[in-house]
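We did not get these values from a lab; they are worked out from the coordinates using the rules stated. What you see is a predicted model, and the numbers here were worked out from it, not measured in a lab. Quick reminder, even Gly has a Cβ in these numbers, built from the backbone with ideal geometry, and neighbours come from all protein chains shown.
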Amino acid sequence: MEGHEELERPFDFRQCVSIIKSTGEKAADLKELREVISRVSDDSIFHHTYQYFLKQHILEYTNDFAHWAGEGLEERALAEQLSNIDPYSFESIADLRAALVGVIDSYLKRFPEPRYALPGDEFFFNETVTFVFPVGVYAKNLAEFLLAIRFVDRGCIYYHFYEARMRVPGGTDDFSRWVDETLGKKDLAEKIQAIDPFMHNADEIRTYIAEIVMEEVNKDMEMAGVLS
């Protein structure tokens, strides 16, 4: 009976909303940025890295530190190095923090006199209080899932595709896991999981998933003789 219940488990779409809090810390150059990163709260590091794609930023970068280095200081080489840091490859915020500090330290050894940000363009360190709640949207099959994912808020996409990579064993996302474990569509799950989160924003992720799922729905309908 438990296996049967698992097969019938609908996908429960949840929303992720964050309220920003200032830490009171800021940096005007890379030396100050490095110093604050080394001691600021884990919540602040999380906000400026993992939650980057919850914001609508330039996709040339993958975290707020890289964004500021490239756009605020015009330190493009450093911005690229910081963007190459994948936060989901680390087991802890401490490890991610050490990687960020290490990249900046290496850069400062080569360029010990970095540029200063203009007044008002300093890097302001923030934290977030995140609330997760159900939105009352469920999908019992792939067709319902396709309809839902086209219209749910982008906060749902972030929560289930990005944030899930810290919750779901194996670093996968909620969509892939449900498609695989509940619908038994392993190939489709692998296609969804293969979408690179660092090359697209949440709205583009939504579009790619919808396209992949639509192909699968059409295939299922053809096999059922609904489409010819």
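The table below lists the values:
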item: Part-to-part distance (alpha-carbon centres) for region 30-45 and region 145-210, which is given in Å; result: 31
item: Correct option for Cα extents along the principal axes in Å [calculated from the coordinates] among [x] 68, 32, 29; [y] 49, 40, 35; [z] 81, 65, 29; result: [x]
item: Full-extension gain in nm, Arg9 to Phe124, via 0.36 nm per residue minus C-alpha separation; result: 37.1 nm
item: Unit charges on C-beta of K, R, D, E only; dipole of the chain, Debye; result: 300
item: Cβ-placed point charges (K, R +1; D, E -1), dipole of region 19-127 about Cα centre in debye, nearest 20; result: 120
item: Cα shape, region 96-228, gyration tensor, a/c 1.5 rule; result: prolate
item: Taking region 121-228 and dividing mean pair separation by its residue count, relative contact order in percent (alpha carbons under 8 Å, at least six apart); result: 23
item: Neighbourhood net charge (14 Å Cβ-Cβ; Lys/Arg +1, Asp/Glu -1) for Ser41; result: -1
item: Order of Ser22, Ser176 - criterion: other Cβ atoms within 10 Å of each residue's Cβ, fewest first; result: Ser22, Ser176
item: The chain, relative contact order [Cα under 8 Å, separation at least 6], %; result: 29
item: Unit charges on C-beta of K, R, D, E only; dipole of region 121-223, Debye; result: 360
item: Shape of region 19-127, Cα gyration tensor, a/c cut at 1.5; result: rounded
item: Mean separation of Cα contacts under 8 Å, 6 or more apart, over the residue count of region 102-181: relative contact order %; result: 12
